[in-house]
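Peer 1: This structure is in structure tokens; I'll ask about it shortly.
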Amino acid sequence: MKTRLQRRLRIAATVIVSLAGLVLMAFLSTYYYLKPTLPDVAQLRDVRLQIPLRVYSRDGRLLGQIGEYRRVPVTWEEIPPLVMHAVLAAEDDRFFQHPGVDWQGVARAVLVAAFTGEATQGGSTLTQQLVRTTLITNERKLRRKLREIFLSLQLENELNKQEIFTLFVNTQFLGQRSYGFAAAAETYFGKSLAEVNAGEAALLAGILKAPSNLNPAASVKAASDRRAYVLRRMHELDYLDNKAYEAALAVPISHDLHGPRVEVDAPYVSELVRLALYETYGESLYTDGYKVVTTIDSRLQRAADVALRSAVLEYDRRHGYRGRITRLVLAKDAGDAAIALELEHYVVVGGLQPAVVVAVGRENATVVARNRKRYRLPMAGMRWARSPKAIEAASDAPKNPGEVVATGDVIYVLPSGGDDALLAQLPEVQGAFIALDPHDGAVVAMSGGFDYQASKFNRVTQARRQPGSSFKPFVYSAALEAGFTPASIVLDAPVVYETPASEDGTEEEEDWRPVNDSRRFYGPTRLRDALARSRNLVTIRLMRQMGISYTREYVQRFGLPAEHIPADLTAALGTAQLTPLEMATGFAVFANGGSRVTSYLVERLYASDGSVLKQAEPRQACVDCALPNPEGGSAAVTLADDLLAPRVISEGNAWIITDLMREVIRSGTGQRARALGRGDIAGKTGTTNDNRDTWFSGFNADLVATAWVGFDQERPLGTDEEGSHTALPMWIYFMRDALAGRPGHRLPMPDGVVTARISPETGELAGGNDPTAIFEYFLAEHLPAGFDGGTGGTQPGVPTPKKYEEPIF
């Protein structure tokens with residue numbers, strides 16, 4: 001009996017060993033058969049993730065991210081334990097024990113495949129899933145499953161567990177164009193991976209099974225059910241205690257999506273960077289992980305956005321309330337979440353939240369906004385809301401909220417802190433703002449419109465509009481070069497320029513009769529007063545005396561394109577077609593003492609490995625062109641000529657024109673800027689015919705900025721909407737923040753500028769006993785008659801006068 005049992009055992013053992021040998025032989029034969037088709041797993045060590053273009057400010061703040069795939073690579077050290085535990089619980093709790101293949105799961109999958117012919121069962125480890133999504137196609141065939149197993153075993157020999165897990169976390173698709181857990185955390189929660197809680201980690205891990213269907217944007221219920229399963233597994237594996245488990249289950253899931261984790265929202269900047277680099281790098285720009293450091297200062301960028309939106313909203317309020325968007329019929333038992341869902345089709349624009357009025361009282365109204373918050377609208381924030389017709393009729397402001405809104409009204413509100421908000425509406429007018437460092441042309445802040453998502457048209461670089469009187473400083477600089485002085489007297493009186501007759505003897509247009517904005521005439525006027533008070537007729541006569549060709553050629557020194565400057569006297573009043581960027585660049589010449597800098601935005605471009613692909617080397621404007629000696633010692637090194645910005649006007653010319661523009665703020669059209677309480681600022685207002693465009697360009701020695709307000713489809717802005725009233729406030733709001741805490745900075749008066757006492761009436765040298773005498777500045781080569789022994793002459797003429805040899809139009 002014992003012998004028979006032993007014999008049977010030997011037979012059984014022989015069969016088992018034989019079968020094992022056959023299985024091993026079959027396994028090895030299959031491996032060598034498939035080996036030529038297996039990719040090299042070592043390539044995963046240097047895998048190139050498709051990483052979008054990332055754009056940063058000079059101080060390291062993320063401004064934007066551009067690319068089809070959302071991906072934020074993280075290192076092993078940056079993966080929170082909660083996320084690791086959630087992934088293990090959802091997909092592979094034995095990951096750190098098995099050799100890359102869970103043989104129990106494989107046996108189950110192979111048996112099912114043997115009977116069905118298809119590999120429909122799971123059992124895949126994290127390593128296998130990584131192989132499947134990165135090295136082989138996702139076909140459900142037995143051949144594919146075997147290749148997956150072999151590659152997984154190879155991969156575990158090539159990489160350690162931490163490397164494999166990190167690759168998995170960075171490469172898996174998690175729905176809504178998000179690849180990797182860090183990108184998904186931004187997409188679904190608007191936070192970094194380090195900030196996710198247990199419920200959020202479980203939700204992300206749960207998406208892995210079916211990314212397109214289990215993400216919360218696709219189905220909150222499906223995502224919630226899957227999250228519950230993952231949390232239960234985390235609890236069973238002792239990753240969560242009872243309290244943490246129950247708390248995570250109770251947290252509601254939102255279907256809202258978030259953009260990349262941008263620290264300073266500057267989409268106009270990001271798009272301009274994309275355009276600048278696309279020609280060189282093409283489609284790889286969106287996938288190869290390029291990092292761009294711009295010249296933008298994040299603090300100034302925020303100030304520019306706030307300044308633009310504030311000025312635009314203020315203009316909009318001055319012109320009346322256009323009423324609600326629509327009206328909803330609200331159910332009596334509707335909760336705030338249900339009400340907010342009704343606003344899904346209304347987008348947030350420029351910080352304005354769509355909201356539904358849910359209650360109207362005597363002193364305030366209550367709204368529920370798209371962000372699911374309740375806000376109180378005090379009556380004080382609604383008194384502006386007269387209709388445009390009521391404003392025309394000078395009717396009284398509304399006295400209670402019921403005169404403005406009603407329950408069910410869909411409106412826009414501007415959160416103003418805490419639980420309060422102000423009544424608002426989407427503005428029809430637009431604005432643009434640009435700020436530069438005048439020393440090298442670096443763009444430190446730029447806002448191309450009220451809201452990028454509402455309009456991607458960048459008015460800073462793309463909108464060519466007439467600058468109006470803000471163009472006059474360029475003409476006055478030409479006048480100083482031609483021999484005029486701030487004390488020169490030019491007649492401010494009516495003038496008529498006849499339009500040339502056509503060949504058949506008929507006049508095609510009416511004669512040109514330019515006037516001042518005030519419709520008044522002021523007689524003999526010194527150039528200082530003429531610029532400060534923006535006298536049109538003085539500027540026209542000045543340009544005619546100098547000559548159209550001379551003036552037009554001269555102003556091109558400031559970087560203004562010739563093809564957009566008309567060859568007639570209307571150019572004196574700013575009928576050129578210029579962008580805000582061109583205007584700011586032109587004013588930088590005055591701010592830096594006479595050198596033309598070129599604006600630039602990209603400071604450095606990095607490849608994905610951190611190597612520098614591009615480093616800006618801007619030409620710099622400097623009065624004292626010396627740099628510290630890199631080899632040490634006290635001797636300075638002179639700045640190389642190829643790094644010097646070209647000088648286009650003299651230091652003296654730039655300094656005197658700057659002083660004339662300081663007068664604009666002291667006593668002229670820019671007096672509103674005196675609210676800043678600074679003596680180092682200068683600038684010029686600009687308004688075009690019919691008040692279609694309003695401008696202000698201004699600066700100190702460290703910062704130059706241009707503000708513009710107008711309609712995209714040109715039309716009048718309305719009565720009293722001028723540069724001083726409409727665009728200047730934007731500039732003031734920006735400069736108040738930009739210059740806060742910084743001491744005043746003016747360039748020192750250069751050699752070649754002379755001070756003399758003159759008569760304010762005649763502009764000539766004043767006698768020693770003249771009580772009305774004032775001080776004025778002159779270029780040394782153009783002194784007033786009688787100065788220093790009579791070395792001057794009479795009122796200077798023009799170097800190349802062409803008064804009557806050119807057509808006026």
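The values are calculated or read from the model by the stated rules, or taken from the named source; none is laboratory data. Fair warning: this is a prediction, and the values are worked out from it, not measured in the lab. Quick reminder, even Gly has a Cβ in these numbers, built from the backbone with ideal geometry, and neighbours come from all protein chains shown. With ligands, DNA and RNA removed, areas are computed over all heavy atoms of the protein, side chains included. Shrake-Rupley method; radii C 1.70, N 1.55, O 1.52, S 1.80 Å.
Peer 1: Look at K141 and say whether it is modelled with pLDDT of 90 or more and open to solvent by 20 Å² or more (accessible area, probe 1.4 Å).
Peer 2: No; evaluated as a whole, the condition is false for this residue.
Peer 1: Within segment 694-744, can you find the residues that are under 19 Å from P438 (Cα atoms), polar (S, T, N, Q) and outside any loop (DSSP other than H, G, I, E, B)?
Peer 2: Residues satisfying the conditions are S697, T706.
Peer 1: List pairs: first residue in segment 339-351 and in contact (Cβ under 8 Å) with a residue 24 or more places away in the chain and open to solvent by less than 40 Å² (accessible area, probe 1.4 Å), second residue assigned to a loop (DSSP other than H, G, I, E, B) and small (G, A, S) anywhere in the structure, Cβ distance under 7 angstrom, at least six positions apart or on different chains.
Peer 2: V349/A454
Peer 1: Same structure again: Hey, can you tell me all the residues within segment 72-87 that are assigned to a helix (DSSP H, G or I) and surrounded by fewer than 21 Cβ atoms within 10 Å (Cβ to Cβ)?
Peer 2: W76, E77, E78, P81, M84
Peer 1: Here are the criteria: (1) among the small types (G, A, S); (2) part of a loop (DSSP other than H, G, I, E, B); (3) buried (at least 16 other Cβ atoms within 10 Å of the Cβ). Tell me which single one A435 does not satisfy.
Peer 2: Single failed check for A435: (2).
Peer 1: Let me ask you something else. Limited to segment 260-316, what total is found for residues that are open to solvent by 60 Å² or more (accessible area, probe 1.4 Å), over 23 Å from V709 (Cα atoms) and touching a residue at least 60 places away in the same chain (Cβ under 8 Å)?
Peer 2: Number of matching residues: 4.
Table: residues versus (1) closer than 26 Å to R662 by Cβ; (2) in contact (Cβ under 8 Å) with a residue 40 or more places away in the chain.
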| residue | (1), (2) |
| --- | --- |
| P514 | no, yes |
| R520 | yes, no |
| M543 | yes, yes |
| G547 | no, yes |
| A572 | yes, yes |
| A584 | yes, yes |
| V597 | yes, yes |
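Peer 1: Could you grab me the full set of residues in segment 219-235 that are in contact with a helix residue (DSSP H, G or I) (Cβ under 8 Å, 6 or more places away or on another chain), surrounded by fewer than 22 Cβ atoms within 10 Å (Cβ to Cβ), in a helix (DSSP H, G or I) and not basic (K, R)?
Peer 2: A222, A228, Y229, H235
Peer 1: Name the one entry in L747, L717, L703, L739 that is closer than 30 Å to R513 by Cα and in contact (Cβ under 8 Å) with a residue 40 or more places away in the chain.
Peer 2: Result of the check over L747, L717, L703, L739: L717.
Peer 1: For F471, all conditions in the list (1) in a loop (DSSP other than H, G, I, E, B); (2) in contact (Cβ under 8 Å) with a residue 40 or more places away in the chain; (3) closer than 29 Å to D316 by Cα hold save one; what is the number of the exception?
Peer 2: In the conditions (1) in a loop (DSSP other than H, G, I, E, B); (2) in contact (Cβ under 8 Å) with a residue 40 or more places away in the chain; (3) closer than 29 Å to D316 by Cα, F471 misses (1) alone.
Peer 1: Right, something else. Out of all the residues in segment 673-725, which are of a type in the set (K, R) and surrounded by 14 or more Cβ atoms within 10 Å (Cβ to Cβ)?
Peer 2: R674, R678, K684, R692
Peer 1: Separate question: Looking for whichever is within 21 Å of L257 (Cα to Cα) and either surrounded by 13 or more Cβ atoms within 10 Å (Cβ to Cβ) or among the polar types (S, T, N, Q) (or both) here; the options are A355, A334, A365. Which one fits?
Peer 2: Matching residue, one of A355, A334, A365: A355.
Peer 1: Go through A530, A562, A487 for me and flag whichever is in contact with a Gly (Cβ under 6 Å, 6 or more places away or on another chain), modelled with pLDDT of 95 or more and among the aliphatic types (A, V, I, L, M).
Peer 2: A487
Peer 1: Name the residue that is farthest from L155 (Cα to Cα), counting only residues in segment 93-136 that are modelled with pLDDT under 80, in contact with an Asp or Glu (Cβ under 7 Å, 6 or more places away or on another chain) and not β-branched (V, I, T).
Peer 2: G123
Peer 1: Now for a different question. Out of all the residues in segment 408-421, is one or more in contact (Cβ under 8 Å) with a residue 40 or more places away in the chain and over 30 Å from the mean Cα position of the chain (by Cα)?
Peer 2: Looking for residues that are in contact (Cβ under 8 Å) with a residue 40 or more places away in the chain and over 30 Å from the mean Cα position of the chain (by Cα), one finds at least one in segment 408-421, hence yes.
Listed here are the residues, each with its yes/no results for (1) open to solvent by less than 30 Å² (accessible area, probe 1.4 Å); (2) polar (S, T, N, Q); (3) in contact with a helix residue (DSSP H, G or I) (Cβ under 7 Å, 6 or more places away or on another chain).
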| position | (1), (2), (3) |
| --- | --- |
| P580 | yes, no, no |
| A591 | yes, no, no |
| S595 | yes, yes, yes |
| Y600 | no, no, no |
| A616 | yes, no, no |
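Peer 1: Something else: So, of the residues in segment 739-766 that are in contact with a Lys or Arg (Cβ under 8 Å, 6 or more places away or on another chain) and aliphatic (A, V, I, L, M), which turns out to be most open to solvent (accessible area, probe 1.4 Å)?
Peer 2: L765
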